[in-house]
Every structure is written in C-alpha cells, then in structure tokens.
Amino acid sequence: MSTLAIHGGQPVRTVLIPYGKQWIDEEDIAAVVNVLRSDWLTTGPKVNEFEQNIAATVGTKYAVAVSNGTAALHSAMFALDIGPGDEVIVPAMTFAATANCVVFKGGIPVFADVDDQSLLIDPNDVERKITSRTKAIIAVDFAGHPCDYTRLSEIAEDHHLPLVADGCHALGAMYNGQPVGSIGDLTTFSFHPVKHITTGEGGMVTTDNEAYEKRLRLFRNHGITTDLHQRESTGSWYYEMVDLGYNYRLTDIQCALGISQLKKLPQWIKKRNCIASFYDDSLKSNHSVTPLSRSSNVIHAYHLYVIKLLLDKLTIGRNEIYSALRAEGIGTNVHYIPVHLHPYYQKKFHTHDGLCPHAEMAYQQILSLPIFPRMTDNDTTEVMNAVSKVIGAFSV
Ligand SMILES: *Cc1c(COP(=O)(O)O)cnc(C)c1O
C-alpha cells in the first residue's frame, strides 16, 4: 500500500476538494445582471416570482423569502408566537441555529436525542420531553433524509403542537411521495452556497396557513403592515408598525439567482443521489466505516454524505482520520457538534454531556464526505480511493 500523505507520501489529490460547493453558470449570471439593470433591486417582482416558484416546487400555498435560513427559523418562531418561558423541542444533532431561533424569542430549546442509525430526531424521545410548557417541535431532515413524519405528526396532533420542519438540508427531498416543505406546519430553507441551491445568502419559509404567512411577512419588514408596493398603489405615505420585526428581506438580485438556480434542482438531486450510490457501493466492502441508514419511503436530498467510523475497528479516532484525509486532498467536515454541548448552552441552559447519548456517541464517529453536483467521476473516485487508503492504513 502507498505511503499516506501525512507520513510524507504522495497525496491522492493535489488540490483540496471541499465537502460542498455551489455551481453558478452563465444563465445565473445573466439573470443577476438583468436585475442590476432594472428598476427594482429589492422588494420587486423577482421576490414574488421566486416565492411562487418555491411554493410550486414544494406544493404549498405560500412561501415567504427572507435573508437567510436562520432568519427563516426566527420568523417561524415569531409566526408561532413563541415567547419567554416557552419550550420548543429540537434535535441535538443539528446546526446551532435550529435551537438559537427559540432563544431569540426568549424560549427554551429542549434537546431530543436522535436515532443512532439515521441521526434523525427520535420521535420517542420527543414524546418523552413534552411538558405543559412545550409550544412546538422542530424536526431537522438531517443530511437531506426526511424525518419520521408519520410518527412526528401523530405526536404533534395528539399534543396539539405545531410541527416545524427545518428543511435546510432537504430541498427536493420527499417523504412517502410528499415534498419536504409541505409536511410541517411551517418549513424553513437556506440558500447558503453549500445548500442545494444558492442565492449567496438567503432563506424561505413555506406554509399552507394564511395566518402564519401574514405574520412571516410582517416580521421580515419591521413589523410594518404595508410594503412599498401596496403604499405606491394606494398612493399613500401612511403605515403602521404593529409588532417588533426585523429587516429580513431578500433582494431581487438574490431572488433572480434563486429562480435561475431552482431550475437545476431536479437534475442536481439526481446527481447527488448518483454520487451517494457510488459511495454506498464502494464502502460496502469496508468494514471500518458505515453510511447512515436510509428508509425506502423517501427521496433523499443528500445535502451531506455522512459516514460513521466504527471506532473499535480503527486504531485512531475521527480527528486523526479527518487530518489524514485532508492531507490526501479530501476536505471533510463534522456535522455536527451536538448543540447542547456548546459552551453557550451549557452555561445558559445547564445542558451537559449525557443528555443525548446517541448524538454524543455519533459525534465521535462522523465525517461528511464531499458531495456536490459539480463533482466529476474522477473526483468521486479519488474520494473513495483516499478513504480506502486512509481507513485501510488504520484498520485493526
Ligand atoms: C444551513 C442551516 C441553517 C442556517 O441557514 P443559514 O442560511 O446559514 O442561516 C439552519 N439549519 C440547518 C439545519 C442548516 O443546515
């Protein structure tokens, strides 16, 4: 076997491949330039068009564009009127923003553990953590695999709780034939460059509920009841601020990019699935790593391709594997540090090690391998070659 790059050998690749990356083409650039030459840079026609296209893609009545995925989560918490002392159940294995949005409103995030095979929120633990103060549940379609929405919806209904889907990993995913975006009472998306489609920074909330939609629009515009368009059409200067909102608007420049990017979503989901099945096949013979489990009733959006290291079959830990892969030219990442282990949550909410054992155990084992539509066959082959080279060198 060839010498590892960390030991001075030849790396598999000379240029580092990242774990995720956007794909911008000439059509995208032309769409943005057209807006720059138009009269509307923000709060114009491209915002409505992007909202309608996302609503049509996920099958909801409404979609409200906001400035990023975190703003989308914050807006969803406002729509639900989460306030001081309210508890909201969130998974431990997610990006911090999923929990932070509850804190923005003065609420208390209550961490539910995840299933150890899929790393999706465990409905049984959700049910265990419901109290008289619980006001909502936020589920995360981790890595792009939809959650167990059958069970989660039952629990939400039984306890009269709204179900929010943080779908930031799952634009284009389906659960029992239903698109993510139309399953929860509210669903949030992000258009950060590592996500499925990008607007640079951007976000969206989708819902079928008209009252929520009205509150989302209020919140993204300072809590002001009319927008510039409505005022212009009525010829009126008057407006009222009826609640405390933010400037969470998305520009027409960004929405034009989003409209153009969204056209490629179906082919990009296919490409992500192709890469994933190539990885699945290549890793079958590797007894020291395993991909996350996957159900047959979903279309996976594969935002991430996460492997779990079987640590009892390896002589080193995750951090060393990460460094060895990086030396081979393969960029990987850890999604995620369980949110309740961050110092902020330990200090402010007295969370601690042992609260969500599956998430904590998985955290020691996980690595996200490169997966994005622009990868070539050569790229994916090199990723698998580097994985088998590194894992092979450290397997017992
Ligand atoms: C990306 C992401 C967010 C935040 O989105 P931003 O656009 O970066 O603010 C929230 N939740 C999850 C699960 C994410 O992956």
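Rounded to the nearest 20, the size of the Cβ-charge dipole of the chain about its Cα centre is 680 debye, with Lys and Arg at +1 and Asp and Glu at -1. Along the range 78-95 the Karplus relation, 6.51 cos²θ - 1.76 cosθ + 1.60 evaluated at θ = phi - 60°, assigns HN-Hα couplings of 5, 4, 7, 6, 5, x, x, x, 6, 9, 10, 7, 10, x, 6, 9, 6, 6 Hz to successive residues, with x for each Gly and Pro.
Less than 5 angstrom separates the built amide H of V66 from those of G203, M204, V205, all sequence-distant by 5 or more or on a different chain. The spread of Cα positions in the chain, taken along each principal axis and listed from longest to shortest, comes to 76, 53, 38 Å. Each of N34, T150, I391 was scored by the projection of its Cα onto the charge dipole of the chain, and the greatest displacement toward the positive side belongs to I391; charges sit on the C-beta of Lys, Arg, Asp and Glu. Label-to-label distance for L244 and Y344 is 1.8 nm, based on points extended 7 Å past Cα in the beta-carbon direction. Database remark: amide H of N221 closer than 5 angstrom to the amide H of Y246, Y248 (H placed geometrically; neighbours at sequence offset of 5 or more, or on other chains; Pro and chain starts carry no H).
For the range 335-351, 3J(HN,Hα) computed residue by residue from phi via the Karplus equation (6.51, -1.76, 1.60; θ = phi - 60°) reads 10, 9, 5, x, 4, 5, 8, 5, x, 4, 6, 4, 6, 8, 10, 6, 7 Hz, glycine and proline entered as x.
Across all directions, the average projected area of the convex hull around the alpha carbons of the range 275-348 is 7.3 nm².
Evaluating kT/(6 pi eta Rh) at 20 °C and 1.002 mPa s, with the Kirkwood radius of the range 1-60 over Cα pairs in the Stokes-Einstein relation, gives 133 µm² s⁻¹. The helix-only estimate of mean residue ellipticity at 222 nm for the chain, built from DSSP H runs of length n ≥ 4 each weighted as -39500 (n - 2.57), is -11500 deg cm²/dmol after division by the residue total.
Computed extension length for A56-E157: 33.8 nm, one decimal, from 0.36 nm per residue of separation with the Cα-Cα distance subtracted.
The spacing between the range 319-367 and the range 119-155, judged by their C-alpha centroids, is 21 Å. Summarising the amide proton neighbourhood of D116: residues at separation of 5 or more, or on other chains, whose placed amide H is nearer than 5 Å comprise an empty set. Simple spin-label estimate for S323 and D81 gives 5.4 nm between the two label positions (7 Å along the Cα-to-Cβ direction from each Cα).
Considering only the other residues whose Cβ falls under 9 Å of the Cβ of G329, what net charge follows from Lys and Arg at +1 and Asp and Glu at -1? Net charge around G329: 0. With each label modelled as a point 7 angstrom along the Cα→C-beta vector, the T42-D25 pair spans 3.1 nm. Compared with the alpha-carbon gap, the fully stretched path from D208 to K284 is longer by 23.2 nm at 0.36 nm per residue.
Projection of the Cα convex hull of the range 120-172, averaged over all directions and equal to a quarter of that hull's surface, yields 3.5 nm². Using the average count of surrounding beta-carbon atoms within 10 Å as a protection proxy, the listed peptides 102-109, 311-318, 151-158 rank, highest first, as 102-109, 151-158, 311-318.
Compared with the rule-of-thumb size 2.2 N^0.38 Å for a compact globular protein, the range 66-168 has a Cα radius of gyration ratio of 0.96. When the Gaussian network model of the chain links Cα atoms closer than 10 Å, the mean-square fluctuations of D166, D39, D115 top out at D39. Computed over the range 49-120, the Cα gyration tensor eigenvalues convert (square root of 5λ each) into semi-axes of 24, 18, 10 Å, ordered from largest to smallest.
In angstrom, the C-alpha Rg and Dmax of the range 327-396 are 16.5, 47. Summing charges over neighbours of G69, with a neighbour being any other residue whose Cβ is under 9 Å away from its Cβ, gives -1 when K and R count +1 and D and E count -1.
Read-outs: derived from the displayed coordinates by stated rules, not from any lab. Note that this is a predicted model, so its numbers are computed, not measured. FYI the Cβ positions are ideal-geometry reconstructions off the backbone, even for glycines, and counts take in every protein chain you see.
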